[in-house]
Protein chains: 2
Amino acid sequence: MTSTAPARLSLNTATTKNWTLREAVDGAARAGLHAVGLWRDRVAEVGTGSAAAIVRDAGLRVSSLCRGGFLTAADRTSTAMALDDNRAAIDEAAELDAPVLVMVVGGLPPGDRDLAAARERVGERIAELVPYARQRSVQLALEPLHPMYCADRAVISTLKQALDLAADHPAADVGVVVDSFHTWWDPELPAQIQRAGAEGRIASYQVCDWTLPIAPDALLSRGMMGDGFIDFAALTRWVDAAGYRGDIEVEIFSADIWARDGDTVLDLMIERYRELVEPFLAG
Amino acid sequence: MTSTAPARLSLNTATTKNWTLREAVDGAARAGLHAVGLWRDRVAEVGTGSAAAIVRDAGLRVSSLCRGGFLTAADRTSTAMALDDNRAAIDEAAELDAPVLVMVVGGLPPGDRDLAAARERVGERIAELVPYARQRSVQLALEPLHPMYCADRAVISTLKQALDLAADHPAADVGVVVDSFHTWWDPELPAQIQRAGAEGRIASYQVCDWTLPIAPDALLSRGMMGDGFIDFAALTRWVDAAGYRGDIEVEIFSADIWARDGDTVLDLMIERYRELVEPFLAG
């Protein structure tokens, strides 16, 4: 294990999809990283207790757990199931000592076109989950997703909207995710990042690039920092100036990245982070 | 020619891509429509004077000309060429008696990641074009495109941003397009449509649906009203309440729609318009 990797860089395990949890943790440790962002499916494969031990024994910490959410169902049964699943996710985050549960709030229910109502339901259900999360010291982090996922993944489409939803709750309970891929296009982004910082709500900063063409599976349409259109210097300066001092996760869903050797991906990720992100962190 | 087609419905010729201008005009007339939205490539095939005569002789009017724009180049030569091309488009709009030139403002120049600067250049170049357009009684209509086209097609991503840009100019000179596909996801949409109406800037209302999956060519990712996720009743009510009384264009880029017989597409378009749009127009 080297000790040279950047202190705040975290490997989100979605970036190395073909690695098991243990392989991802071992790979991160080999690369000298200090943190990993975990996805629940990989945690479930080994069990939450074992996952926590694997991370701890490697000397790493968990920067976030992905993901809770999918809270937009209109019917009672689906809603109850979704809330149960979110409570389970909160329990897992607590057991993993993950400070943050990333919330991808869900799209429109099948056949439903009432976007405003779906957005209202998200607010109501976040409010239901907050006391449970607070008891376990887990911050719910609302993630605005790119508007191209509004129909099927997340009806929260902008940072402003996430902050407006979060405003009903203390910042320690409900924060927001700033993800470069999802937010880079937003003309309100500098102002809303500043606001998020002033409110103490930046719970996670995630980086990957916007590349073209959009992938055949739109969910996999992400690229390594530097391979696309995003100005990471500007974005990182804004997030830094807003006072964020936490982990910076690299989360890349990409068939191309997944086809490569994991260690090679981590080397490239560290190189690009050093070049495009780290120099713009004053904090 | 029937006389039963809805008075404000206009066929944008992009919807019937395989038809020549004359075929599209004839098809629109056969269907009883009163207006067509034209694309410059189809106009160029016959020449502007002939295109104007074809439309006039069929008893139709031109609802808009698509498109000017692509104004984001950073270098002097490309900028001069773009401005020339836009002046030509303004001339064509005037000759076609099109009240509106739709502006798709362009994405980031190759290798350029400074989105804020590209957006500023758009503002400067719109300002350069305004006197020329005013002389010819052509309103420039800034079209916010869906954020998934921000990198390569249009750095104007929201209606608010289009209105902020337009604010430097009288409404008669610079308006905005409200296109369902591009804007339906926007949490600020109702408020910004209301604002656009109050400022007298709604220059065009275009309708087509957001369908999934996103098409392999993302530009072709549109569907017929009713086939996707958009609540046309709500959107149409907002646009109507904002005082818009102009033409309503159906503009669908879609390999699936293009593969069908044009007359059949027009019949379906009229049927869906009657069901999903027209009942929500009070004006």
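The values are calculated or read from the model by the stated rules, or taken from the named source; none is laboratory data. Source: prediction; values computed, not measured. Here Cβ is always computed from backbone atoms with ideal geometry, including for glycine, and neighbour counts include all displayed protein chains. Areas reflect the complete protein model, heavy atoms only, side chains present, ligands, DNA and RNA absent. Shrake-Rupley method; radii C 1.70, N 1.55, O 1.52, S 1.80 Å.
Give the residues of the stretch A:199-221 that are out of contact with any Gly (no Cβ under 8 Å at 6 or more places or on another chain), touching a residue at least 12 places away in the same chain (Cβ under 8 Å) and more than 20 Å from A:ARG8 (Cβ to Cβ), sorted by residue number.
Within the stretch A:199-221, A:GLU199, A:ILE214, A:ALA215, A:ASP217, A:ALA218, A:LEU219, A:LEU220, A:SER221 meet the criteria.
Within the stretch B:35-84, which residues are more than 12 Å from B:LEU21 (Cβ to Cβ) and assigned to a loop (DSSP other than H, G, I, E, B)?
B:GLY59, B:PHE70, B:LEU71, B:THR72, B:ALA73, B:ALA74, B:ASP75
Return yes when B:ILE248 is hydrophobic (A, V, I, L, M, F, W, C), away from chain A (no Cβ under 14 Å) and open to solvent by 10 Å² or more (accessible area, probe 1.4 Å) and no when it is not.
Details: hydrophobic (A, V, I, L, M, F, W, C): yes; away from chain A (no Cβ under 14 Å): yes; open to solvent by 10 Å² or more (accessible area, probe 1.4 Å): no.
No: the conditions fail for B:ILE248.
As an exercise: evaluate A:PRO190 against (1) at the interface with another protein chain (Cβ under 10 Å from one of its Cβ atoms); (2) crowded, with 24+ Cβ neighbours inside 10 Å and give the number of the one condition it does not meet.
Single failed check for A:PRO190: (2).
Which of the residues belonging to the stretch A:159-187 are within 11 Å of chain B (Cβ to nearest Cβ), open to solvent by 10 Å² or more (accessible area, probe 1.4 Å) and over 25 Å from A:MET224 (Cβ atoms)?
A:LYS160, A:GLN161, A:ASP164, A:LEU165, A:PRO187
Within 22 Å of A:ARG153 (Cα to Cα) and either surrounded by 24 or more Cβ atoms within 10 Å (Cβ to Cβ) or not aliphatic (A, V, I, L, M) (or both): which single residue out of A:ALA89, A:ALA73, A:ALA44 fits that description? Working first, answer last.
Details: A:ALA73 fails: either surrounded by 24 or more Cβ atoms within 10 Å (Cβ to Cβ) or not aliphatic (A, V, I, L, M) (or both); A:ALA44 fails: either surrounded by 24 or more Cβ atoms within 10 Å (Cβ to Cβ) or not aliphatic (A, V, I, L, M) (or both).
Unique residue meeting the criteria: A:ALA89.
Checking A:GLU271 against (1) open to solvent by less than 60 Å² (accessible area, probe 1.4 Å); (2) over 16 Å from the mean Cα position of the chain (by Cα); (3) within 28 Å of A:GLY32 (Cα to Cα), which single condition isn't satisfied?
Only one criterion in (1) open to solvent by less than 60 Å² (accessible area, probe 1.4 Å); (2) over 16 Å from the mean Cα position of the chain (by Cα); (3) within 28 Å of A:GLY32 (Cα to Cα) is unmet by A:GLU271, namely (1).
Assess whether B:GLY123 counts as being out of contact with any Gly (no Cβ under 6 Å at 6 or more places or on another chain), at positive phi and within 14 Å of chain A (Cβ to nearest Cβ).
Numbers: out of contact with any Gly (no Cβ under 6 Å at 6 or more places or on another chain): yes; at positive phi: no; within 14 Å of chain A (Cβ to nearest Cβ): yes.
So B:GLY123 fails the test.
Output the number of the condition that B:GLU120 fails; it satisfies all remaining conditions of (1) assigned to a helix (DSSP H, G or I); (2) open to solvent by less than 50 Å² (accessible area, probe 1.4 Å).
Exception for B:GLU120: condition (2).
Run down B:ASP186, B:ASP240 and say which single residue is in contact with a helix residue (DSSP H, G or I) (Cβ under 8 Å, 6 or more places away or on another chain) and more than 26 Å from B:LEU33 (Cα to Cα).
Numbers: B:ASP240 fails: more than 26 Å from B:LEU33 (Cα to Cα).
None of the other options fit; the residue is B:ASP186.
Restricting to the stretch A:130-147, give me the number of residues that are within 11 Å of chain B (Cβ to nearest Cβ) and in contact with a strand residue (DSSP E or B) (Cβ under 9 Å, 6 or more places away or on another chain). Even if it seems obvious, please write down each step before you answer.
So the first thing to find is which residues in the stretch A:130-147 are within 11 Å of chain B (Cβ to nearest Cβ), and the list is A:144-147.
Next, only the ones that are in contact with a strand residue (DSSP E or B) (Cβ under 9 Å, 6 or more places away or on another chain) stay: A:144-146.
Residues meeting the conditions: 3.
Assess whether B:ALA141 counts as being open to solvent by less than 10 Å² (accessible area, probe 1.4 Å), under 22 Å from B:PRO99 (Cα atoms), touching a residue at least 24 places away in the same chain (Cβ under 8 Å) and outside any loop (DSSP other than H, G, I, E, B). Break it down into steps so the answer makes sense when it comes.
Working: open to solvent by less than 10 Å² (accessible area, probe 1.4 Å): yes; under 22 Å from B:PRO99 (Cα atoms): yes; touching a residue at least 24 places away in the same chain (Cβ under 8 Å): yes; outside any loop (DSSP other than H, G, I, E, B): yes.
Yes; evaluated as a whole, the condition is true for this residue.
Can you tell me which condition B:ALA259 does not meet? The list is (1) open to solvent by 50 Å² or more (accessible area, probe 1.4 Å); (2) touching a residue at least 40 places away in the same chain (Cβ under 8 Å); (3) of a type in the set (A, V, I, L, M, F, W, C), and all the others hold.
With respect to (1) open to solvent by 50 Å² or more (accessible area, probe 1.4 Å); (2) touching a residue at least 40 places away in the same chain (Cβ under 8 Å); (3) of a type in the set (A, V, I, L, M, F, W, C), B:ALA259 is out only on (2).
Among the residues of the stretch B:223-232, write down those that are open to solvent by 20 Å² or more (accessible area, probe 1.4 Å) and touching a residue at least 40 places away in the same chain (Cβ under 8 Å).
To start, the set of residues in the stretch B:223-232 that are open to solvent by 20 Å² or more (accessible area, probe 1.4 Å) comprises B:226-227, B:229, B:231.
Those that are open to solvent by 20 Å² or more (accessible area, probe 1.4 Å) and touching a residue at least 40 places away in the same chain (Cβ under 8 Å): B:GLY226, B:PHE229, B:ASP231.
Within 19 Å of A:PRO187 (Cβ to Cβ), of a type outside the set (A, V, I, L, M, F, W, C) and out of contact with any Ser or Thr (no Cβ under 7 Å at 6 or more places or on another chain), is that true of B:ARG113? Lay out the reasoning, then the answer.
Working: within 19 Å of A:PRO187 (Cβ to Cβ): yes; of a type outside the set (A, V, I, L, M, F, W, C): yes; out of contact with any Ser or Thr (no Cβ under 7 Å at 6 or more places or on another chain): yes.
So B:ARG113 passes the test.
Could you please give the count of residues in the stretch B:246-272 that are touching a helix residue (DSSP H, G or I) at 6+ places or on another chain (Cβ under 6 Å) and assigned to a strand (DSSP E or B)?
Matching residues across the stretch B:246-272 total 1.
Pick from A:ARG260, A:ARG272, A:ARG222: which is among the basic types (Lys, Arg) and touching a strand residue (DSSP E or B) at 6+ places or on another chain (Cβ under 8 Å)? Walk me through how you get there before you give the answer.
Values: A:ARG260 fails: touching a strand residue (DSSP E or B) at 6+ places or on another chain (Cβ under 8 Å); A:ARG272 fails: touching a strand residue (DSSP E or B) at 6+ places or on another chain (Cβ under 8 Å).
Within the list A:ARG260, A:ARG272, A:ARG222, the selection yields A:ARG222.
Just a yes or no: is a residue in the stretch A:200-222 away from chain B (no Cβ under 14 Å), outside any helix (DSSP H, G or I) and open to solvent by 30 Å² or more (accessible area, probe 1.4 Å)?
Yes, some residue in the stretch A:200-222 is away from chain B (no Cβ under 14 Å), outside any helix (DSSP H, G or I) and open to solvent by 30 Å² or more (accessible area, probe 1.4 Å).
How many residues are closer than 23 Å to A:ALA94 by Cα and among the polar types (S, T, N, Q) when one looks only at the stretch A:125-174?
3
Going residue by residue through the stretch A:220-232, is there one that turns out to be touching a Ser or Thr at 6+ places or on another chain (Cβ under 9 Å), modelled with pLDDT under 95 and farther than 18 Å from A:SER157 by Cβ?
Yes: the stretch A:220-232 contains one or more residues that are touching a Ser or Thr at 6+ places or on another chain (Cβ under 9 Å), modelled with pLDDT under 95 and farther than 18 Å from A:SER157 by Cβ.
Applying the selection to the stretch B:223-245, what residues are within 12 Å of chain A (Cβ to nearest Cβ) and outside any helix (DSSP H, G or I)?
So in the stretch B:223-245, the residues within 12 Å of chain A (Cβ to nearest Cβ) come out as B:223, B:225-235, B:238.
Correct list: B:GLY223, B:MET225, B:GLY226, B:ASP227, B:GLY228, B:PHE229, B:ILE230, B:ASP231.
Could you go through the stretch B:95-108 and let me know if any residue there is within 12 Å of another protein chain (Cβ to nearest Cβ) and crowded, with 17+ Cβ neighbours inside 10 Å. Give the steps one after another, and end with the answer.
Filtering the stretch B:95-108 down to residues within 12 Å of another protein chain (Cβ to nearest Cβ) leaves B:107-108.
Still in the list and also crowded, with 17+ Cβ neighbours inside 10 Å: B:107-108.
Checked the stretch B:95-108: at least one residue is within 12 Å of another protein chain (Cβ to nearest Cβ) and crowded, with 17+ Cβ neighbours inside 10 Å.
Filter the stretch B:149-178 down to the residues that are closer than 17 Å to B:GLN206 by Cβ and out of contact with any Asp or Glu (no Cβ under 8 Å at 6 or more places or on another chain) and list them by number.
B:TYR149, B:ARG153, B:GLY175, B:VAL178
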